[in-house]
Amino acid sequence: MGQATRSAPGPRPGGRAIIDGSTLRQLAGRVWISPGDPDPENVQAAVAVVADERGSVVVDAGHSPGQAREVQAAMRAAGLPPARWLVYTHHHWDHVWGACAWPGVEIVGQVAGEELLRQEAARPWSHRYLREQVRANPRLGPSFRARALAMDDWVDFTVLPPTRTFDAELTLPTGVRLRHVGGAHAPDSTVVYVPDARVALLGDCFYPPPAHLRGPDDGTDLAMLRDLLDDDYEWYLDSHGEPTTLAEARQLVSG
């Protein structure tokens, strides 16, 4: 698990993994993942696909339109149904900036993130704007440099708020369950459950606040992670780590 186990990476899902190119692999059942980049300077969150004949649910949009297009190509190569729903685990840029490259989807997000994304959409995003913001607030440097690396160009780029919001919980027609958990990392943090595959997609919910907002006492919220563990779910994936089994996650939070 990314923030909690950086010194001891979690396990890969053994023989269950089916590799399709280098960008998408099957985790369990109908859940496929495009892993995040382990390089902390290349802030690239994982993207998950829950395949369903009624249309796939994509969990997080990618950190850029380029990443979104890579996932789409991998979905086609794997024969997965086209995306019909795009779920935000939270509003941070590395989870939503690829949304404008997912045409024809319903974007679902927790209500607390809607206005925050409207504010982000109003900014004049460009490499010049990123440089200006870092000069004004050097603490933004790591995040804004990662954004600059992610974006090849800004043609047709826009930040998209959700087109459908929910408050506490929502179940999509495919049986995918969304649960708002909030927390210090983001007020709209949402956990996505796929009960039939026994997979829980955690986003960044138990991470500390983003680096430019983090105080000396902020750390990983292991109490939240402990409360999320459930005998009904075997696999846990946060956005910047490897999949972890229930047993290994329990060992982590008890240590």
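A few comments on the model shown:
- To put it simply, the accessible area of the stretch 123-255 at a 1.4 Å probe is 49 percent carbon and sulfur.
- Shape index of the stretch 127-255: Rg/Rh, with Rg the Cα radius of gyration and Rh the Kirkwood radius from the inverse mean 1/r over Cα pairs, equals 1.03.
- Reported label for calculated Cα Rg over 2.2 N^0.38 Å given (1) 1.00; (2) 0.95; (3) 1.16: (2)
- Take every DSSP beta bridge whose two residues both sit in the stretch 128-255; close to 75 percent of them are antiparallel.
- With 0.36 nm allotted per residue and the present C-alpha distance subtracted, the SER126-CYS100 stretch has 7.8 nm of extension available.
- Extension gain, ARG250 back to ALA211 (0.36 nm per residue minus Cα-Cα distance, nm): 11.4 nm
- Charge context of CYS205, other residues only, Cβ under 11 angstrom, K/R +1, D/E -1: -4
- Divide the volume of the convex hull around the Cα atoms of the stretch 16-109 by the residue count and you get 90 Å³ per residue.
- Secondary structure note: in the stretch 192-246, about 55% of the DSSP beta bridges are antiparallel.
- Beta bridges per DSSP with both ends in the chain, % antiparallel, nearest 5: 65 percent
- Point-charge dipole on Cβ atoms (K/R +1, D/E -1) for the chain, about Cα centre, debye to 20: 460 debye
- Remark: the stretch 32-128 carries a charge dipole of roughly 320 debye about the Cα centre, counting +1 on each Lys and Arg Cβ and -1 on each Asp and Glu Cβ.
- Accessible surface, the stretch 120-176, averaged per residue in Å² (probe 1.4 Å): 60 Å²
The values are calculated or read from the model by the stated rules, or taken from the named source; none is laboratory data. Given the structure is predicted, the values throughout are model-derived calculations rather than measurements. Methodologically, a virtual Cβ is constructed for each residue, glycine included, from the backbone with ideal geometry; neighbour enumeration extends over all protein chains shown. Note: areas computed on protein heavy atoms with side chains; ligands, DNA, RNA excluded. Shrake-Rupley method; radii C 1.70, N 1.55, O 1.52, S 1.80 Å.
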